[in-house]
1. Out of Ala172, Ala166, Ala184, I need the residue that is part of a helix (DSSP H, G or I), in contact (Cβ under 8 Å) with a residue 60 or more places away in the chain, within 16 Å of the chain's Cα centre (by Cα) and in the same structural domain as Asp287 (by TED's automatic domain parsing). Which one?
2. Name the residues in region 339-360 that are β-branched (Val, Ile, Thr) and assigned to a strand (DSSP E or B), would you?
3. For region 301-338, how many residues are touching a helix residue (DSSP H, G or I) at 6+ places or on another chain (Cβ under 7 Å), assigned to a helix (DSSP H, G or I) and within 19 Å of Ser165 (Cα to Cα)?
4. Before we move on, is Gly80 closer than 23 Å to Ala215 by Cβ, in contact with an Asp or Glu (Cβ under 9 Å, 6 or more places away or on another chain) and either polar (S, T, N, Q) or in the same structural domain as Lys118 (by TED's automatic domain parsing) (or both)?
5. Mind checking whether some residue in region 33-41 is surrounded by fewer than 21 Cβ atoms within 10 Å (Cβ to Cβ), assigned to a strand (DSSP E or B) and not hydrophobic (A, V, I, L, M, F, W, C)?
6. Would you mention how many residues in region 202-217 are surrounded by fewer than 22 Cβ atoms within 10 Å (Cβ to Cβ), touching a helix residue (DSSP H, G or I) at 6+ places or on another chain (Cβ under 9 Å) and part of a loop (DSSP other than H, G, I, E, B)?
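The values are calculated or read from the model by the stated rules, or taken from the named source; none is laboratory data. Owing to the predicted nature of the structure, the values given are computational and were not obtained by experimental measurement. Backbone-built Cβ (ideal geometry, glycine too); neighbour counts: all protein chains shown.
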Amino acid sequence: MTEEGKIRVLIVDDIVDTRDQLEKLLFFEKDIEVVAKAGNGREAIAMAQQYRPDVVLMDINMPDMDGITATEAIMTQDPGIQVIIMSVQGETDYLRRAMLAGAREFLTKPISADDLYKSIRHVHRLAATRPRASQTPSGGVVSDDDSSQGQIIAVFSPKGGVGVSAVAANLAVALRQQTNARVALVDGNVIFGAQDVILNLVSNRTIIDLTNRIAELDRDLLNDVLAVHTSQVKVLLAPSNPQMGELVTSDHLRSILELMRKEFDYVVVDTHSSFQDRTLAILDTADRVVALMTLEMPCIKNIKLFLEVADLLEYAQEKILLVLNKADSRLGIRVSNVEENIKRKVGLQIANAAQDITLSINQGVPLVMSKPTHAASRDILTLARELASAAKPSAKTNTQPASEQSAQRGGLFSRLMTKR
């Protein structure tokens, strides 16, 4: 009979020595107990049904039935079991297949004792501490006891190289400094995210850890995945490689942002320069859009097109705050001329600090922290005060039902065609 409260583990590996070695590593852990061992996928399915383990350590390459197939079967018969895939190969394809099958973590052999203990306790804690939750229309679940609504602020530019990621990181830190409120930063550029570098954050938890468990999404899972910056801003990082980022859908982002709206006072989202579904989902969900531009003709052209698209998408004018980044009067273009051309006033300007911003990124310390009296830092702090003090506008001027919003797919073209 097993002791009450212990984490019950099933070890699955076709090599006897490996099974025994893993069992020995876990033997002296007082809160972990190996309840059974299996030599292939078919045995694992039967033993999982018989012993009802909390965690399964599953080898990926086995004869008769591999670990991926066995994981899918085990998760089908009991979704509460947490599977940790083990493999001597750490290629992205193996990781992707494992996560799609329902595995919670992926360990590359040889596995250190510390990594083994940490992974087992981590996946078990995620399952064991889950509060009761209710289903949301978008497919995720959120806690029933929190009705507070924070503000989602998307930092966006229709042209790359404008400084969106750096401004987003500094803005999140500035909001924390100005308000002492609960602030989160989301790296919404899930293909080529950079917030881990900008903020010098090292974490193996990313948005993929949420999308893989989107049906179980709640504040405990969310907070377990978020990295904590020294400023006390909590950060949801992008995947470490583009292939994993492709698994993140627009519906995933909507569910995650709606939960974060309940958990934080301000959620700053770094976005990709595109009109793909993922970016549109972020812009739709956002209460405010900080639209960044520079005094370069290609950027001015793109920002004008974006404002026209925003009108077609029926975004309220007050939802979009036009901000001039890298402001410099020596660039040969007057701000007043730009405003006349795009028919929109520039709300704020951030001083040109290309060299200092680059240095702050390379050092992994936001400019508002390393040089708070810098002109650009003061401008970003002003932006933070403006966003914090402004009344929260409605996300859209129309009253489209949430169910219809979540069903929108196919990119910008199909969105605009439905409005004709």
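1. The conditions single out Ala172.
2. Ile350
3. Residues that pass the stated criteria total 1.
4. Values: closer than 23 Å to Ala215 by Cβ: yes; in contact with an Asp or Glu (Cβ under 9 Å, 6 or more places away or on another chain): yes; either polar (S, T, N, Q) or in the same structural domain as Lys118 (by TED's automatic domain parsing) (or both): yes.
Yes; evaluated as a whole, the condition is true for this residue.
5. Yes, that holds for at least one residue.
6. 5
For (1) in a loop (DSSP other than H, G, I, E, B); (2) of a type outside the set (Ser, Thr, Tyr); (3) in contact with an Asp or Glu (Cβ under 8 Å, 6 or more places away or on another chain), each residue gets a yes or a no:
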{"site": "Thr230", "(1), (2), (3)": "yes, no, no"}
{"site": "Val235", "(1), (2), (3)": "no, yes, yes"}
{"site": "Asp251", "(1), (2), (3)": "no, yes, no"}
{"site": "Leu259", "(1), (2), (3)": "no, yes, yes"}
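Table: residues versus (1) out of contact with any strand residue (DSSP E or B) (no Cβ under 6 Å at 6 or more places or on another chain); (2) within 15 Å of His122 (Cα to Cα); (3) hydrophobic (A, V, I, L, M, F, W, C).
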position: Ala174; (1), (2), (3): yes, no, yes
position: Leu185; (1), (2), (3): no, no, yes
position: Asp196; (1), (2), (3): yes, no, no
position: Arg205; (1), (2), (3): yes, yes, no
position: Asp218; (1), (2), (3): no, no, no
position: Leu221; (1), (2), (3): yes, yes, yes
